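Engineer: Below is one structure. I have some questions about it.
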């Protein structure tokens with residue numbers, strides 16, 4: 001089972017305390033995966049489809065208990081590769097259906113202000129949970145952080161963004177073919193979304209993996225840095241010894257400044273030492289020792305050695 005399915009199953013089992021919360025969640029679900037249908041008498045009904053049995057059960061229970069509606073349920077096998085079942089709930093056009101859709105703000109289809117209907121933080125949390133249940137996905141925390149909500153309505157996508165902004169999240173919005181995608185690629189904000197919507201167990205799993213992942217990345221960065229520094233030290237030591245041999249092949253130690261002779265002997269005696277370690281051995285500052293090696297480099301160049 002994917003991480004997205006785990007999150008949806010957890011949200012679908014979550015209890016919403018008030019009718020306002022359940023109404024907000026159901027409104028977002030219908031915006032994502034539902035459509036209003038009309039009959040010859042001008043009455044309205046609704047059709048809702050989902051590939052999740054847990055989400056279908058959530059919508060069915062809400063319609064029955066909160067609104068006294070008894071939709072028909074049809075199950076068919078999907079046409080995509082995984083051939084998951086698709087659950088379709090249908091409330092036929094009727095006066096009761098019209099009242100329901102008007103009550104939750106699903107009519108008229110292009111009107112209304114969903115963000116204004118979500119009065120209070122709990123209703124806004126439920127609204128985001130409904131949006132995720134209807135058309136959301138989140139990558140496994142072991143991979144790159146990516147959470148997205150996909151809808152065919154630009155107005156609905158903007159409403160989702162507005163509600164998310166109320167929780168200080170900064171989602172981005174883009175379009176893909178006929179869809180609009182509200183997405184987050186930041187690990188902190190993806191975790192916040194799970195926490196805000198009430199997927200506490202999924203949030204804990206997400207954060208645990210994030211901590212281990214961050215620690216592993218930090219260790220890798222430190223090892224890579226130390227390896228790079230070690231390689232630089234080795235390269236510098238090899239180059240310095242080569243230069244010292246070139247200098248001594250051209251000049252006798254007695255013709256060279258005593259400080260440079262001391263430095264050359266120190267390096268040849270400790271071929272694996274870093275500049276800092278040589279500095280401690282001879283009691284000279286690193287900058288002073290580096291200056292001496294610069295003079296040795298210049299002499300090696302005069303002697304025809306590689307620098």
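Engineer: What's the long-distance tail for the chain, i.e. % of Cα pairs beyond 29 Å?
Structural biologist: 54 percent
Engineer: Taking a label point 7 Å from the Cα of residue 233 along the Cα→Cβ vector, which residues of the stretch 269-283 have an amide N closer than 16 Å to it?
Structural biologist: Label zone hits: 269-282.
Engineer: Full-extension gain between residue 200 and residue 154, please, as 0.36 nm times their residue separation minus the C-alpha to C-alpha distance.
Structural biologist: 13.6 nm
Engineer: With viscosity set to 1.002 mPa s at 20 °C, what whole-number translational diffusion coefficient in µm²/s follows for the stretch 244-307 from Stokes-Einstein and a Kirkwood radius over Cα pairs?
Structural biologist: It comes out at roughly 180 µm²/s.
Engineer: So what is the relative contact order of the chain, in percent, for Cα pairs below 8 Å that sit 6 or more residues apart?
Structural biologist: 15 percent
Engineer: What is the distance in Å between the Cα centres of the stretch 224-252 and the stretch 119-157?
Structural biologist: 58 Å
Engineer: Further question: Where in the stretch 182-202 does the amide nitrogen come within less than 12 Å of the point 7 Å from the Cα of residue 172, taken along Cα to Cβ?
Structural biologist: Residues passing the 12 Å test: 182-186.
Engineer: What FRET efficiency, computed as 1/(1 + (r/R0)^6) with R0 = 41 Å and r the Cβ-Cβ distance, is obtained for residue 297 and residue 144, rounded to the nearest 0.05?
Structural biologist: 0.35
Engineer: Using the basic label-point model (7 angstrom from Cα toward the beta carbon), what is the residue 188 to residue 38 distance in nanometres?
Structural biologist: 4.8 nm
Engineer: Now for a different question. If a/c stays under 1.5 just call it rounded; otherwise compare a/b with b/c (prolate if a/b is bigger, oblate if not). Do that for the stretch 1-111, with a ≥ b ≥ c from the square roots of the Cα gyration tensor eigenvalues.
Structural biologist: oblate
Engineer: Same structure, new question: For the residue pair residue 241 and residue 54, what label-to-label distance in nm results when each label sits 7 Å from Cα along the Cα-to-beta-carbon direction?
Structural biologist: Label-label distance for residue 241 and residue 54, simple model: 6.3 nm.
Engineer: What does the helix-only formula give at 222 nm for the chain: each DSSP H stretch with n ≥ 4 adding -39500 (n - 2.57), the total divided by the residues, and the result rounded to the nearest 500 deg cm²/dmol?
Structural biologist: Rounded to the nearest 500, the figure is -19500 deg cm²/dmol.
Engineer: Moving to a separate point now. Using the per-residue mean of other Cβ atoms lying within 10 Å as a proxy for protection, in what order, highest first, do the peptides 215-222, 291-298, 243-250 fall?
Structural biologist: Highest to lowest by the protection proxy: 243-250, 291-298, 215-222.
Engineer: Of the candidates 150, 234, 209, which one comes out as most mobile in a Gaussian network treatment of the chain with C-alpha springs shorter than 10 Å?
Structural biologist: Comparing 150, 234, 209 in the GNM, the peak value goes to 234.
Engineer: Can I ask one more? Can you give the % of DSSP beta bridges in the stretch 7-198 that are antiparallel, to the nearest 5?
Structural biologist: 100 percent
Engineer: Output the direction-averaged projected area (hull surface divided by four) of the convex hull of the alpha-carbon atoms of the stretch 126-191, in nm².
Structural biologist: Over every viewing direction, the Cα hull of the stretch 126-191 projects on average to 4.3 nm².
Engineer: A further question follows. I'd like the FRET efficiency for residue 276 and residue 181, computed as 1/(1 + (r/R0)^6) with the beta carbon distance as r and R0 of 41 Å, rounded to 0.05.
Structural biologist: 0.20
Engineer: Here's something else I'd like to know. With axes computed from alpha carbons, what is the tilt in degrees of helix 19-33 against the longest principal axis of the chain, rounded to the nearest 10 within 0 to 90?
Structural biologist: 80 degrees
Engineer: Taking R0 as 25 Å, what's the FRET efficiency between residue 290 and residue 216 from their Cβ-Cβ distance, rounded to 0.05?
Structural biologist: The calculated FRET efficiency here is 0.10.
Engineer: If you take the Cα Rg of the stretch 174-307 and divide it by 2.2 N^0.38 Å, with N the number of residues, what do you get?
Structural biologist: So the stretch 174-307 has a normalised radius of gyration of 1.94.
Engineer: Nearest 10 degrees is fine. How inclined is helix 154-166 to the longest principal axis of the chain, computing both from alpha carbons?
Structural biologist: Between helix and principal axis, roughly 60 degrees.
Engineer: Taking only Cα atoms, what is the 0 to 90° angle, nearest 10, from helix 53-67's long axis to the longest principal axis of the chain?
Structural biologist: Here the helix axis deviates by roughly 40 degrees.
Engineer: Okay, moving on. Per-residue counts of other Cβ atoms within 10 Å, averaged by peptide: what ranking do you get for 24-31, 119-126, 270-277, 171-178, highest first?
Structural biologist: 24-31, 119-126, 270-277, 171-178
All of the numbers you see were taken from the coordinates with simple rules; none came from a lab. Keep in mind it's a predicted model, so treat the numbers as computed, not measured. Here the Cβ is made from the backbone with ideal geometry for all residues, glycine too, and neighbour counts use every protein chain on show.
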